[in-house]
Amino acid sequence: MNLFEPRTFSTDWEIVVMDKLERVVKADKLVGFADMLRAELDLPIQIDYHSLEFAMGINTSFAQMWERVQRATDRAGQLLREYGLELCPGGAHPKEPSFNSAHVHVGTVLDETQAIYLENQLTCYVPAFAALAANSPFSHGQRGEYKSYRVRQTAYGCTRPAPLRDPWHTQQMWGTDASAKLYSRPTLEIRIPDCATSRRFLAELATFVAAYVHYQGTRLREEMPSKADYRDYLVNRWSAAKHGLQATFHHDTGIITAVEMLDGMLDACHEELAQLGVRRAELVVIEAMLKKRVCQADMALELSARYPDPYCLASVYAKLGRHWEMFAEYLERTPALAPLPAPDAEAIMQEHLAQIGEGTHYYESRESMFFPPPMADAMIENMIEGGYIRREVSERAGVMLHRNGC
C-alpha cells in the first residue's frame with residue numbers, strides 16, 4: 001500500500017519579527033507584510049500568533065522547496081529592514097512569550113483511518129525529529145537546561161505528546177507531534193520540529209521528514225504500540241528536548257543514540273528521497289550535524305553564554321542570522337559532542353521529583369514526561385513509598401503533593 005499519492009510536502013515556518021528594541025512585533029502589525037509577501041511571491045504566507053508564517057505551498061521536490069525558501073526569505077528580509085524590523089528565526093525568544101516551529105506537512109493523504117494508524121506508528125520516530133531540529137535553549141528568561149524548551153513546555157499546547165488513537169474510537173485532533181489533518185489540505189502534519197535558523201537546514205529537514213513519512217506510509221501496521229513502546233516514546237521525547245542530538249533513546253532493540261536512529265532512518269528512506277529529487281549525500285547540513293552531534297541549539301547556547309542580557313542576545317542572534325549562513329559556519333568550526341546516556345529508572349524518578357515542592361498539585365508531577373494516568377500514578381506511589389513525598393487530599397485543594405524536607 002502507498003498511503004500518499006501524489007507525494008507532496010510543505011512547511012509552515014514560523015519566524016518572529018523584532019523591532020529596534022528587540023521586542024517581538026505583534027500580529028496586528030504583521031498583517032500588511034504577510035499580505036504583500038503573499039501577493040509578490042504567490043505563496044500562502046500568513047501570520048500565526050505573533051509571527052510571520054512562511055507557508056511554502058505544495059512541493060514535489062527538494063529543489064522546489066529550496067528555491068522557494070530562498071526567494072521568500074530574501075524578499076521578506078529586504079522588506080522588513082526598510083521599516084527597521086528584523087527576522088529572528090529561532091524556536092523561542094530569550095525573554096518574551098514566543099514559541100515557533102517548522103511544521104512539516106506530508107501529503108497527499110485521503111484515507112484518515114490509515115493516517116491515524118500511521119500517527120501511532122510514527123511515535124517511536126518523532127523524538128528523533130525533535131532532537132535534530134532542537135533550537136530553543138532559552139525561553140521566558142530560562143536558558144540552558146533544555147535544548148528545546150518549546151518541546152519540553154509543549155508550546156502552549158501547540159506541540160503536545162501524541163496519544164495513541166484507535167480510528168474506531170476517536171475524534172479529530174490537533175496539535176500533537178504527528179497528526180492527520182484532512183480538514184484543510186489533506187496531509188499528515190509533523191509538528192514537533194523547532195523553528196529553523198538555517199534556511200538550508202529547513203529545506204533539508206522538510207524533505208527528510210516527508211521522505212521518511214512516505215516510507216512509513218508504504219509499511220502500515222494496524223496494531224497499536226505496546227505500553228512499553230509508548231512509555232519509551234514519552235521518555236525519548238523528553239530526552240530529545242533535554243539533549244538534542246546528544247540524546248540516547250530507549251528503543252525496542254535496546255539503547256540507541258539519536259544520531260544512530262536518524263542515520264538508520266535516512267538510509268531506510270533513500271528511495272523516497274530520490275523520488276523527491278535528492279540523495280542523502282546532498283543533505284549536507286544534516287550530514288554535518290549527525291557527524292558532530294551538533295544541533296542549532298548548541299550554536300544558540302554558545303551565543304547565550306557570550307550575551308547574558310536576553311534582549312542583547314536576541315539582537316545579536318537576529319543580526320548574525322541575516323545572511324543565513326551562520327549555522328553552516330558554526331558547524332565547520334565547532335568540535336563534535338559526545339552522546340549522553342539514556343535516562344534510567346532513577347533518573348526518570350528524579351525528573352518527576354524535581355517537579356514537586358511544597359503544595360504541588362498532583363497533575364503538575366505529570367508535566368515532566370507526560371506519562372498517562374497509570375504510569376504517572378505508579379510514579380507517585382513509588383515516590384511516596386520511597387519517602388520522597390507525601391500526599392494530601394482536601395475538599396478545597398484536591399490532591400496535593402508535598403516534598404519531604406521542604
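Annotations
- For Lys319, the lysines whose Cα comes closer than 23 Å to its Cα, not counting residues fewer than 8 places off in the same chain, are Lys20, Lys26, Lys29, Lys95, Lys147.
- Segment 308-350 - Rg over Rh from alpha carbon coordinates, Kirkwood radius: 1.23
- Two-decimal ratio, segment 1-122, of alpha-carbon radius of gyration to 2.2 N^0.38 Å: 1.20
- Cα-based shape type of segment 209-265, given that a ≥ b ≥ c are square roots of the gyration tensor eigenvalues and the cut on a/c is 1.5: oblate
- Whole-Å distance, taken between Cα centres, linking segment 327-367 and segment 205-250: 18
- Dipole magnitude (debye, nearest 20) for the chain, charges at Cβ of Lys, Arg, Asp, Glu: 780
- Relative contact order, percent, the chain [alpha-carbon distance under 8 Å, six or more residues apart]: 17
- Mean sequence separation of contacting Cα pairs (under 8 Å, at least six apart), scaled by the length of segment 345-403, corresponds to a relative contact order of 39 percent.
- Alpha-carbon centroid distance for the pair segment 58-100 / segment 22-44, whole angstrom: 11
- Short to long, the 10 Å bins of the Cα pair-distance histogram for segment 119-213 hold 15, 45, 32, 8, 0 percent of all pairs.
- Short-range pairs are left out: with C-alpha atoms under 8 Å and at least six residues apart, the relative contact order of segment 151-213 is 22 percent.
- Loop-located trypsin sites (Lys or Arg not before Pro) in segment 169-269, at most 12 other Cβ atoms within 10 Å (DSSP): Arg219, Arg221
- Range in the chain, longest, excluding exposed GluC sites (Glu not before Pro) [loop by DSSP; at most 15 other beta-carbon atoms within 10 Å]: 224-324
- Computed over Cα pairs, the Kirkwood radius of segment 186-320 leads via Stokes-Einstein (1.306 mPa s, 10 °C) to a diffusion coefficient of 94 µm² per second.
- q = 0.07, 0.10, 0.11 Å⁻¹, the chain: log10 I(q)/I(0) [Debye, one scatterer per Cα]: -0.32, -0.66, -0.80
- Loop-located chymotrypsin sites (Phe, Trp or Tyr not before Pro) in segment 78-119 whose Cβ has at most 14 other Cβ within 10 Å (DSSP): Tyr83
- Residue-averaged 222 nm ellipticity for the chain, from DSSP H runs of 4+ at -39500 (n - 2.57), nearest 500: -12500 deg cm²/dmol
- Evaluating kT/(6 pi eta Rh) at 37 °C and 0.692 mPa s, with the Kirkwood radius of segment 345-403 over Cα pairs in the Stokes-Einstein relation, gives 291 µm² s⁻¹.
- Cβ-based net charge around Tyr230, under 15 Å, with every Lys or Arg adding one and every Asp or Glu removing one: 0
Any read-out appearing in this document is the output of simple, stated calculations on the displayed coordinates, not a laboratory observation. Just so it is clear, the structure is predicted and the values come from calculations on it, not from any experiment. No Cβ is skipped: glycine too gets one built from the backbone with ideal geometry, and neighbour counts run over all protein chains shown.
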